[in-house]
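A.B. asks: Supplied in structure tokens, the structure appears directly below.
Every number in this text was worked out from the coordinates using simple rules, so none of it is lab data. Since the structure is predicted, the reported quantities are computational estimates derived from the model, not experimental observations. Because the Cβ atoms are built from the backbone with ideal geometry, glycine has one as well, and the counts that use them run over all protein chains shown.
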Amino acid sequence: MDLPTLFEVLAASFDGPEDIEKHAQDALRTADFATQTTYDVHPLTEPFTTVMSHPDAHPVCSVIGQTPLPWAPPETSSDPLYIAHSLPKVNVELLGPDGLVKSEKVRLGLYGMLPNFEYGIRSHPAEEVFVMFAGQAFWKRGAAAYEILGPGGRSYHPSMMPHANKTGEMAFLSAYVWHGDVSTEQYVYDGYPDA
């Protein structure tokens, strides 16, 4: 599979109620592939491929699995704590200022985490939504308790809302989109929550 095919399939998966998902669809469908960068392929590993093959996994997982991508830990911040806590994660920014295809309107990509790890409290000016594709994750929004989400679930974070996520016995894979101020200059990582 190639990026245009992946973008079209991903656009159809952003079908939730928040306006940010409509922005994601528009950005994916109007992406300028003339700005596409070259990249080295780093395939997904177990247990990501396992959860992507589960019967309840979103159908987009088969396209993701067939698309050569440069999977690596995210690099949103240079904070040493953030870097240490990012090692069990995989990420590809598909569309955005640092994306495989350039955009100043959104940051949109794929993101997952190995079992039994945590991505602590963070906040940023952009509004954000994660759409779960495979596996399970626990999501924390503001002061609320963690909520478990599986394929098809969504975690929406308005601008500057503190949020976190963690895994149990399963890995997960999701898509995310930032909209609004997509700069990472005001991204803050506070580490693991107390509860």
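A.B. asks: Give me a comma-separated list of calculated 3J(HN,Hα) values for the stretch 108-123, in order, Karplus coefficients 6.51, -1.76, 1.60 applied at θ = phi - 60°, integers in Hz, x for any Gly or Pro.
C.D. replies: Per residue, the Karplus-derived 3J(HN,Hα) values read 9, x, 10, 8, x, 8, 5, x, 6, 10, 9, 10, x, 5, 9, 8 Hz.
A.B. asks: Tell me the net charge near residue 50. Cut-off is 14 Å between Cβ atoms, residue 50 excluded, with +1 for each Lys or Arg and -1 for each Asp or Glu.
C.D. replies: -3
A.B. asks: With the cut-off at 1.5 for a/c, could you classify the stretch 1-70 from its C-alpha gyration tensor as rounded, prolate or oblate?
C.D. replies: Taking the square roots of the gyration eigenvalues as a ≥ b ≥ c, the stretch 1-70 is oblate.
A.B. asks: Fewest first, what order do 148, 83 take by the number of other Cβ atoms within 10 Å?
C.D. replies: 148, 83
A.B. asks: If packing is taken as the mean number of other Cβ atoms within 10 Å per residue, what is the order of 95-108, 65-78, highest first?
C.D. replies: The peptides rank, most packed first, as 95-108, 65-78.
A.B. asks: Right, something else. What net charge do the residues around residue 30 carry, taking every other residue with its C-beta under 13 Å from that of residue 30, with Lys and Arg at +1 and Asp and Glu at -1?
C.D. replies: Charge balance near residue 30 sits at 0.
A.B. asks: Please report, largest first and rounded to whole Å, the three semi-axes of the ellipsoid equivalent to the stretch 3-191, where each semi-axis is the square root of five times an eigenvalue of the C-alpha gyration tensor.
C.D. replies: Largest first, the stretch 3-191 gives 22, 20, 17 Å.
A.B. asks: So which lysines pass the test for residue 166, namely a Cα distance under 17 Å, with those fewer than 8 places away in the same chain ruled out?
C.D. replies: Hits, sequence-local ones excluded: 89, 140.
A.B. asks: Return the long-range amide H neighbours of residue 71 (sequence gap of 5 or more, or a different chain), with a cut-off of under 5 Å between placed amide H atoms.
C.D. replies: Residues meeting the criterion, in which the H sits 1.01 Å from N, are 42.
A.B. asks: If you don't mind, there's one more thing I want to ask. Under the rule of -39500 (n - 2.57) per DSSP H run of 4 or more residues, summed and divided by the residues of the chain, what mean residue ellipticity at 222 nm is obtained, to the nearest 500 deg cm²/dmol?
C.D. replies: -5500 deg cm²/dmol
A.B. asks: Place a label point 7 angstrom from the Cα of residue 34 along the Cα-to-Cβ direction, then list the residues of the stretch 104-124 whose backbone nitrogen is under 16 Å away.
C.D. replies: 104
A.B. asks: How high is the relative contact order of the chain? Use alpha-carbon pairs under 8 Å, at least six apart in sequence, and give a whole percent.
C.D. replies: About 23 percent, as a whole number.
A.B. asks: Rounded to the nearest Å, what's the spacing between the alpha carbon centres of the stretch 123-194 and the stretch 6-76? Just the number, please.
C.D. replies: Here the answer is 16 Å between Cα centres.
A.B. asks: Below 11 angstrom from the Cβ of residue 178, what's the summed charge of the other residues (Lys, Arg +1; Asp, Glu -1)?
C.D. replies: -2
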